[in-house]
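The values are calculated or read from the model by the stated rules, or taken from the named source; none is laboratory data. Since the model is a prediction, treat every value here as computed from it, not as a measurement. Neighbour counts are summed over all protein chains in view; Cβ atoms, including those assigned to glycine, are modelled from backbone coordinates with ideal geometry. The protein model used for the area step is the full one, side chains on, heavy atoms only, and it has no ligands, DNA or RNA in it. Shrake-Rupley method; radii C 1.70, N 1.55, O 1.52, S 1.80 Å.
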Amino acid sequence: MKKNIRQHNNSNKALLITLFIFTFSLTGCGVDSKPANLTKKGLWERVGYGDVYKVDSNGKATKLYQFTRETCLDASSTIDSLPQIQIAFDATTLSNKKNTLLIENIDVSAFKISLQRLDKLPESCLDNRLIKTATANNIFDHFWHSFNDYYAFFDKRHVDWASQYAKYQPQVNENTSDEDLFEILSLMLTPLKDGHVNLESTNDSFNPELPGKAFLEIVSAFPQQNEFDDFDDFIQSVYHR
C-alpha cells in the first residue's frame, strides 16, 4: 500500500523532474557470463525508461540524461551522486558481446534491469531540445513526453494523454510555483489509478493508486488513538503488527 505525502515546501525544479519514478517490472536480457576482462566503460541506456548513464575507466557510474523523442533533461548535476546508481552498476553482469549489462541487485530493484551500450548520445540530447534550465514549462513538457513515450497502459487505464496535455498545459507559465506545478502534475496522473507510478520531488510524493480498504481503515483509526501523534509512525506500527 502507498499513501500520498503532500508537504508544500519550496523544492528544486530540477529535482522535481529528475526524481519522478517509473516502477514497472522489467524483463532482463540473458547474459553469457561475467568475464572480468570486459570493460563497462562507456554510455548505457536503460531501455524503456530513457535513462542514460556513463561509466568511466575507474568504474564510476553517473546518470547523464533522461530523454524522450522530443526532449532531453541534463541530469548530471542533480542526481549523479545517488549511491544506488553506483551500487547497481557495481553489481552488473556484462555480456560477452560487451553490449548488455544486467542489474540483479535487490537493494536497487526487485526485478532484473537491462541496459544497452550506446555508441552515441540520443539525438534529442545533442540539439536545442536539451533541457539545462528546468523552468515550469520545461518540466511540464518533459514530464508529458516521458509518459507519452514510456508508459504502456493508457488504453488499459482509459486515459487520453493528449487530452491531459490540452487541459493542463495552459495552466503552466513562467510564474507557476513549484507547489502549483507539483499539484498540476499530480492531477494529470490521478486518472491512471496506477500504484506502479510515483511522482516525487525533494519534499513531496504522490501515488495515483486508489486506496485499499485496509488503508482506509487505518486512516479512520488514526484519530481514535492516543499513542501516536504522527501518522507515519502510526501506520508503520500497524504494518509492523
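A few points about this structure:
- Selection status of Lys167, more than 26 Å from Glu45 (Cα to Cα), among the basic types (Lys, Arg), over 20 Å from the mean Cα position of the chain (by Cα) and open to solvent by 80 Å² or more (accessible area, probe 1.4 Å): yes
- The number of residues in segment 174-232 being open to solvent by 40 Å² or more (accessible area, probe 1.4 Å), under 26 Å from Thr133 (Cβ atoms), in contact (Cβ under 8 Å) with a residue 60 or more places away in the chain and charged (D, E, K, R) comes to 1.
- Checking each residue in segment 96-110 for being at pLDDT below 80 and in contact with a Gly (Cβ under 9 Å, 6 or more places away or on another chain) picks out Ile103, Glu104.
- Failed condition for Thr92, given (1) within 14 Å of the chain's Cα centre (by Cα); (2) among the hydroxyl-bearing types (Ser, Thr, Tyr); (3) modelled with pLDDT under 90: (1)
- Test for Val238: is it touching a residue at least 12 places away in the same chain (Cβ under 8 Å), touching a helix residue (DSSP H, G or I) at 6+ places or on another chain (Cβ under 9 Å) and over 30 Å from Cys72 (Cβ atoms): yes
- Arg46 loosely packed, with under 15 Cβ neighbours inside 10 Å, within 18 Å of the chain's Cα centre (by Cα) and at pLDDT 90 or above: no
- For Pro170, the requirement of being in contact with a strand residue (DSSP E or B) (Cβ under 6 Å, 6 or more places away or on another chain) and modelled with pLDDT of 95 or more is not met.
- Figure legend. Inter-residue proximity from segment 127-148: first residues at negative phi and assigned to a loop (DSSP other than H, G, I, E, B), second residues of a type in the set (Gly, Ala, Ser) and buried (at least 16 other Cβ atoms within 10 Å of the Cβ), beta-carbon distance below 9 Å, spacing 6+ or different chains. Indicated pairs: Thr133/Ala14; Ala134/Ala14.
- Taking the conditions (1) closer than 25 Å to His196 by Cβ; (2) open to solvent by 30 Å² or more (accessible area, probe 1.4 Å); (3) part of a loop (DSSP other than H, G, I, E, B) in turn, Val159 satisfies each one other than (2).
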